[in-house]
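Read the structure below first, then the notes.
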Amino acid sequence: MLLVHCPYCEEKRAEIEFAYAGEAHIARPLDPAAMSDEDWARYLFIRSNPRGRHHERWRHIHGCGRFFNAVRDTVTDKFEVTYKAGEPRR
Amino acid sequence: MSGFRLDQGGRVDRSRRVSFSFDGATYRGFAGDTLASALLANGVMLFGRSFKYHRPRGLLGAGSEEPNALVSVSRGPGRHTPNLRATAVEIYEGLAATSQNRWPSLKTDLGAINDRLGMFLPAGFYTKTFMWPRSFWDKLYEPAIRRMAGLGEAPSEIDPDHYGAVYAHCDLLIVGAGPAGIDAALEASGTSKRVILIDEQDEPGGGALDDPALWSWLNESLKDLAAAPNVTVLSRTTAFGYYHDNFVGAVERLTDHWAEIGSGPREKLWRIRAGAVILAQGAIERPLVFAANDVPGVMLASAARTFLQRYGVAVGKSVALMAAHDSGWRDAFAHARAGVNVAAIIDVRETIDAALLAEAQALGIAVRLGHSVIEVHGRLGVKGMTVARNDGSAATRIACDALLMAGGWTPSVHLWSHSKGSFAWDEALGAYVPDRPNEKVRCVGACSGKWNFGSGIVIDALPTPRNQARIKAFVDFQNDVTAKDIHLAVREGFKSIEHIKRYTTTGMATDQGKTSNLNGLQIASQALGRPVTEVGLTTFRPPYTPQTFGALAGHAKDDLFQPTRKTPIDGWAEEHGAVFELVAQWRRARYFPQGGDDMHAAVNRECRAVRSAVGIFDASTLGKIEVVGPDAAEFLNRIYTNPWKALEPGRCRYGLLLREDGFITDDGVSARLTPDRFHLTTTTGGAARVLNTMEDYLQTEWPELDVWLTSTTEQWAVIALQGPLARQLLEPLVEGIDLAAEAFPHMAIREGTICGVPTRLFRVSFTGELGFEINVPAAYGRALWEQLMNAGAAWGITPYGTEAMHVLRAEKGFIIVGQDTDGTVTPHDAGLDWAVGKKKPDFVGKRSLARPDIVAAGRKQLVGLLTDDPAVVLEEGAQIVADPAQAIPMTMIGHVTSSYWSEALGRSIALALIEGGHQRMGEMLHVPMPGQVIRAKVSSMVFYDPQGARLHV
Ligand SMILES: [Zn+2]
């Protein structure tokens, strides 16, 4: 069970307090109606699935309730860093 | 019958005799004995039958590495534990153990025919022979193989024990309380660190328990640790798995060694998060690979010394040693000094340390260097051996009743491997040793590869002049894998140890190859002509030793498997005989039988009451979210499909929630209380998911919106009053709300009091009748329910459950998200176009409603379905076809999602998802069922009161 650092609580807590929430930095397009079907499908369905550094979202669902971003290595399963939603990509 | 108890020595308590039974025969041992040591002391050598060949087997080891001596212990109904290692079972008065995998008895086992047929059971035999035909596998091959090749029987009764679980946190966790682990704990005891020291055996000490010279050191050290307030020592506790971020799982065995079963938990699961971990798991001696190296009485030299010095038991009257390593010589010397005859020391090496030779000579032990055992004599026990020079010459028979093997040492790196630490190959040791850590962990003592047991050579198999193909030289004792099997796998083209392992099953038994992995690797490496490091390294996975399901499940079983959520009115329903069902985690009253009603009769009566008088329903499980803030309406406008900004305070709206991919995910009626405050409802099962989704959008997509979301599901009790008499019943009980139709129309909300209790009163209907949903603070729920029952008696008030609710809503064509939808249904598919705000520029899921797949023809659409025979109620989930005469497999065009007997219509009704359903109105379709094909006509989804006249009264 991983330890996850919540950037809002500023504490490492056990993984069972958190929920995974998919890849990070995929903003909802501001004007979906202006998008082509292909672009919209890419937004909906296509994810990077890298080997190595992965930017992803977590929610401290059984803690402060906040969504935040993290960089986790998909090979070692280690967190490199976690940071608040809205902060630039690390 | 050759082992015996020495007159003195060992750590057993000779003043406390313990009687126990094995396979029905009674034996006596001493307190402190294991089942293995006590049986050995009684002359028992035969402990079990091997997995595949049913060969007689004795003890190989003395600890948790033991592959052969697996036994079952039974102590009453539900307390049957199979596959315990006899070397790890402490004896207690009345212990009843039995051997496994033999029939009719351990000595006369008919399965031993497999041993004679051995040439027909090579590696991969099962896979090659029994692959075809598939149906034979399930019905014939597998059951037969399971009978013949197996472990102990799984218990068939419910386990009456209970199991504890704790989380523990420490700065330093030390796994293994041998000398290295104890030293580490002593060093940390003087600091402020919180230290936990765990050990799998019944007493701490590890290797020191085998060496009387260390006993006083051990006593003093354990006293010091006991006195250290920062150190916790746990015995009988197995660290079975090492997980991320220094999270270690361990099981403490609390009662299995007691003669009387107490009331406490049997075992305790420790979930330990450690700042740092020290692994001090020691090393396990390696067997040597030679013909018949599995005859009972052939065992690890170190194990024999453990029995000798820790338990005061000699494994034989005349023992011999086959060594490739110095450590075995010391074990043989210990036997000689204890008065046990040592028949011979055979060493495969040509030259040996002079001091060892001198000591052997002083003890009068015959020594043969450059020799190997080429055969072991005896079937149920060792009677002697034949040895020969390594070139095969000078074969000589030597009598002995036990043969000790000293093949070198393998560091116990299991937990290190779990933690994904890397390994380095140590040529001198012939073993992988820990290299770079992946966690905050280090290895100390023998498991780090640093120990002082002398030197030796690494050898894949002993030299023999005999035909390798005709001898059984075992590598994996538990899975009956021989050197020959590994050679065969290599000949058949397997090159990686991971593949060889799976093909031959070496190292895949419950012992995870503790004694076999490196011999298997060496043999594969020799056969392939490639260095070991190119052949690979198998990965160890938890658990280190088998653990009970009970310990892993802990309290999470039966009623505590998951929480049962109960509404404030649940107690009333229970007292009034409700039959319950689980909806998500909620326990809901399904129907209220009266006077021997079956479900059908009860549901019909409840439905009639709602349509003709008034019914009362506990809707408290509805998910509820309070949405508050200046931007609340804007937020809902973006989240839901329909427009919310123009909704006036005091009015309600049906909200349809899509995922961004355009499919329906939830729905519910919500009310605007004030310009900046909404009372949302969600489906019973969807509440948490909807709140999570809303929080997600609010926090990460639209943080500029000034809105707060609060779950209020459990703050409100909700009582639905539905039926033409609902208003008359309610009127005298409500204050501050005008219930008149014009003042309080359908889809409106008012705040006031009911029976003196503050209420949010919704005028809404999920039945098609005049209806109200009364929200009161949860604590008042039951009292209000009882008041309404009293006041309603005169109106024929009838409580109804979820089953009647389902029928009533289906008669009106109201969908249940998750039953009539399956995550691939759009608003248009569900006939809910009216709930989509066409003029809204955007909402969650809107763009997807224009995707090519979503607007394509032929999508499955929700429609009504009326059977030709009105008495036939379709099965929910039944498949629908257009042409019942077509060839099988038929083309299925949809399925039934909801189906009921409608008491109001006097016939069956159904909803179904059907390809192009909207274009099929009036079309006759077919539902093939066992024995018949049911005809049914596509219809509108609204079966009852299509004009809605009954609502607006
Ligand atoms: Zn937090």
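The values are calculated or read from the model by the stated rules, or taken from the named source; none is laboratory data. What you see is a predicted model; the values in this text were computed from it and never measured. Cβ sites come from the backbone with ideal geometry, for glycine too, and all protein chains shown count toward neighbours. Protein only, heavy atoms only, side chains kept; ligands, DNA and RNA dropped before computing areas. Shrake-Rupley method; radii C 1.70, N 1.55, O 1.52, S 1.80 Å.
Restricting attention to the range B:711-724, does a residue exist that is within 14 Å of chain A (Cβ to nearest Cβ) and open to solvent by 10 Å² or more (accessible area, probe 1.4 Å)?
Narrowing the range B:711-724 to residues within 14 Å of chain A (Cβ to nearest Cβ): B:711.
Within this subset, residues satisfying the condition of being open to solvent by 10 Å² or more (accessible area, probe 1.4 Å) are B:711.
Yes, the range B:711-724 contains at least one residue that is within 14 Å of chain A (Cβ to nearest Cβ) and open to solvent by 10 Å² or more (accessible area, probe 1.4 Å).
Step by step: first the residues of the range B:335-344, then only those that are open to solvent by less than 10 Å² (accessible area, probe 1.4 Å) and out of contact with any Gly (no Cβ under 8 Å at 6 or more places or on another chain), then the one that is farthest from B:Thr396 (Cα to Cα). Which residue is that?
Start the filter on the range B:335-344 by keeping residues that are open to solvent by less than 10 Å² (accessible area, probe 1.4 Å), which leaves B:335, B:340, B:344.
Next, only the ones that are out of contact with any Gly (no Cβ under 8 Å at 6 or more places or on another chain) stay: B:335, B:344.
Details: B:His335: 23, B:Ala344: 12 Å.
The extreme case among them is B:His335.
Please state which one of A:Ala41, A:Ala24, A:Ala14 is within 12 Å of the chain's Cα centre (by Cα) and open to solvent by less than 60 Å² (accessible area, probe 1.4 Å).
After applying the criteria, what remains is A:Ala24.
The rows are residues; the columns are (1) among the small types (Gly, Ala, Ser); (2) within 30 Å of B:Pro82 (Cα to Cα); (3) out of contact with any helix residue (DSSP H, G or I) (no Cβ under 8 Å at 6 or more places or on another chain).
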| position | (1), (2), (3) |
| --- | --- |
| B:Leu173 | no, no, yes |
| B:Ala177 | yes, yes, no |
| B:Ala184 | yes, no, yes |
| B:Arg194 | no, no, yes |
| B:Glu200 | no, yes, no |
| B:Glu203 | no, yes, no |
| B:Phe247 | no, yes, yes |
| B:Val251 | no, yes, no |
| B:Ala259 | yes, yes, yes |
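Just to be sure, is B:Gly3 on the phi > 0 side of the Ramachandran plot and not assigned by TED's automatic domain parsing to the domain that holds B:Val315? Reasoning before the result, please.
Values: on the phi > 0 side of the Ramachandran plot: no; not assigned by TED's automatic domain parsing to the domain that holds B:Val315: yes.
Judged against the criteria, B:Gly3 is not a match.
So if I check each of A:Ala21, A:Ala85, which one is under 30 Å from B:Pro852 (Cα atoms), in contact with a strand residue (DSSP E or B) (Cβ under 8 Å, 6 or more places away or on another chain) and within 12 Å of chain B (Cβ to nearest Cβ)?
Values: A:Ala85 fails: under 30 Å from B:Pro852 (Cα atoms).
The unique qualifying residue is A:Ala21.
So the check is Cβ under 7 Å with 6+ separation or different chains; which pairs have a first residue in the range B:436-454 that's more than 17 Å from B:Gly407 (Cα to Cα) and polar (S, T, N, Q) and a second one that's open to solvent by 20 Å² or more (accessible area, probe 1.4 Å) and part of a loop (DSSP other than H, G, I, E, B)?
That search, which allows pairs on different chains as well, returns B:Asn438/B:Lys420.
When the residues of the range B:28-39 are filtered to those that are closer than 22 Å to B:Gln201 by Cβ and over 34 Å from the mean Cα position of the chain (by Cα), which remaining residue is surrounded by the fewest Cβ atoms within 10 Å (Cβ to Cβ)?
Across the range B:28-39, the extreme among qualifying residues is B:Ala31.
Does the range B:233-254 hold any residues that are in contact (Cβ under 8 Å) with a residue 60 or more places away in the chain and of a type in the set (Ser, Thr, Tyr), and which are they?
Across the range B:233-254, the qualifying residues are B:Thr238, B:Tyr242, B:Tyr243.
Does B:Arg273 count as within 14 Å of chain A (Cβ to nearest Cβ), surrounded by fewer than 22 Cβ atoms within 10 Å (Cβ to Cβ), of a type in the set (Lys, Arg) and out of contact with any Gly (no Cβ under 9 Å at 6 or more places or on another chain)? Even if it seems obvious, please write down each step before you answer.
Working: within 14 Å of chain A (Cβ to nearest Cβ): yes; surrounded by fewer than 22 Cβ atoms within 10 Å (Cβ to Cβ): yes; of a type in the set (Lys, Arg): yes; out of contact with any Gly (no Cβ under 9 Å at 6 or more places or on another chain): yes.
The answer is yes for B:Arg273.
Considering every residue within the range B:147-159, establish whether at least one is touching a Phe, Trp or Tyr at 6+ places or on another chain (Cβ under 9 Å) and at pLDDT below 60.
As a first pass, look at the range B:147-159 and keep what is touching a Phe, Trp or Tyr at 6+ places or on another chain (Cβ under 9 Å): B:147, B:149-151, B:159.
Still in the running and at pLDDT below 60: B:147, B:149.
Yes, the conditions are met somewhere in the range B:147-159.
With the structure loaded, tell me whether B:His952 is modelled with pLDDT under 95 and either assigned to a loop (DSSP other than H, G, I, E, B) or not β-branched (Val, Ile, Thr) (or both) or whether it fails that test.
On the way: modelled with pLDDT under 95: yes; either assigned to a loop (DSSP other than H, G, I, E, B) or not β-branched (Val, Ile, Thr) (or both): yes.
Here the answer is yes, as B:His952 does meet what is asked.
Just the residues that are of a type in the set (Gly, Ala, Ser) and more than 29 Å from A:Ile26 (Cα to Cα), please, taken from the range B:669-714. Give the steps one after another, and end with the answer.
Taking the range B:669-714 as the starting set, the residues that turn out to be of a type in the set (Gly, Ala, Ser) are B:670-671, B:685-688, B:711.
Hits for the range B:669-714 are B:Ser670, B:Ala671.
Determine if the range B:207-223 includes at least one residue that is crowded, with 18+ Cβ neighbours inside 10 Å and either touching a His at 6+ places or on another chain (Cβ under 7 Å) or in a strand (DSSP E or B) (or both).
no
Which one of the conditions (1) open to solvent by less than 10 Å² (accessible area, probe 1.4 Å); (2) in contact with a helix residue (DSSP H, G or I) (Cβ under 7 Å, 6 or more places away or on another chain); (3) in a helix (DSSP H, G or I) does B:Leu862 fail to meet, given that it meets all the rest?
(3)
Determine whether B:Lys440 is modelled with pLDDT under 95 and either open to solvent by 40 Å² or more (accessible area, probe 1.4 Å) or out of contact with any helix residue (DSSP H, G or I) (no Cβ under 9 Å at 6 or more places or on another chain) (or both).
On the way: modelled with pLDDT under 95: no; either open to solvent by 40 Å² or more (accessible area, probe 1.4 Å) or out of contact with any helix residue (DSSP H, G or I) (no Cβ under 9 Å at 6 or more places or on another chain) (or both): yes.
No.
For the range B:791-816, name all the residues that are touching a residue at least 40 places away in the same chain (Cβ under 8 Å), farther than 16 Å from B:Arg611 by Cβ and open to solvent by 20 Å² or more (accessible area, probe 1.4 Å).
B:Ala791, B:Ile816
Table: residues versus (1) over 18 Å from B:Ala301 (Cβ atoms); (2) not β-branched (Val, Ile, Thr).
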{"position": "B:Arg397", "(1), (2)": "yes, yes"}
{"position": "B:Gly407", "(1), (2)": "no, yes"}
{"position": "B:Pro434", "(1), (2)": "yes, yes"}
{"position": "B:Asn452", "(1), (2)": "no, yes"}
{"position": "B:Val458", "(1), (2)": "no, no"}
{"position": "B:Ala469", "(1), (2)": "yes, yes"}
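Identify the residue in the range B:443-455 that is out of contact with any Pro (no Cβ under 7 Å at 6 or more places or on another chain) and modelled with pLDDT under 95 and, among all such residues, is surrounded by the fewest Cβ atoms within 10 Å (Cβ to Cβ).
The selected residue is B:Asn452.
Quick check on this structure: which one of B:Ser64, B:Ser2 is touching a residue at least 60 places away in the same chain (Cβ under 8 Å), under 23 Å from B:Thr237 (Cα atoms) and open to solvent by less than 20 Å² (accessible area, probe 1.4 Å)? It would help to see each step written out before you state the result.
Details: B:Ser2 fails: under 23 Å from B:Thr237 (Cα atoms).
Exactly one of B:Ser64, B:Ser2 is touching a residue at least 60 places away in the same chain (Cβ under 8 Å), under 23 Å from B:Thr237 (Cα atoms) and open to solvent by less than 20 Å² (accessible area, probe 1.4 Å), namely B:Ser64.
Could you tell me whether B:Gln886 is free of Cβ contacts under 8 Å to residues at least 12 places away in the same chain and open to solvent by less than 60 Å² (accessible area, probe 1.4 Å)?
On the way: free of Cβ contacts under 8 Å to residues at least 12 places away in the same chain: yes; open to solvent by less than 60 Å² (accessible area, probe 1.4 Å): yes.
So B:Gln886 passes the test.
Output the residues belonging to the range B:485-509 that are touching a helix residue (DSSP H, G or I) at 6+ places or on another chain (Cβ under 6 Å), touching a residue at least 60 places away in the same chain (Cβ under 8 Å) and either within 21 Å of B:Gly111 (Cα to Cα) or surrounded by 22 or more Cβ atoms within 10 Å (Cβ to Cβ) (or both).
Filtering the range B:485-509 down to residues touching a helix residue (DSSP H, G or I) at 6+ places or on another chain (Cβ under 6 Å) leaves B:485-487, B:489-490, B:494, B:497, B:500, B:503-504, B:506-507.
Among the residues that remain, those that are also touching a residue at least 60 places away in the same chain (Cβ under 8 Å) are: B:485-486, B:489, B:503-504.
B:Asp485, B:Ile486, B:Ala489, B:Thr504, listed by residue number.
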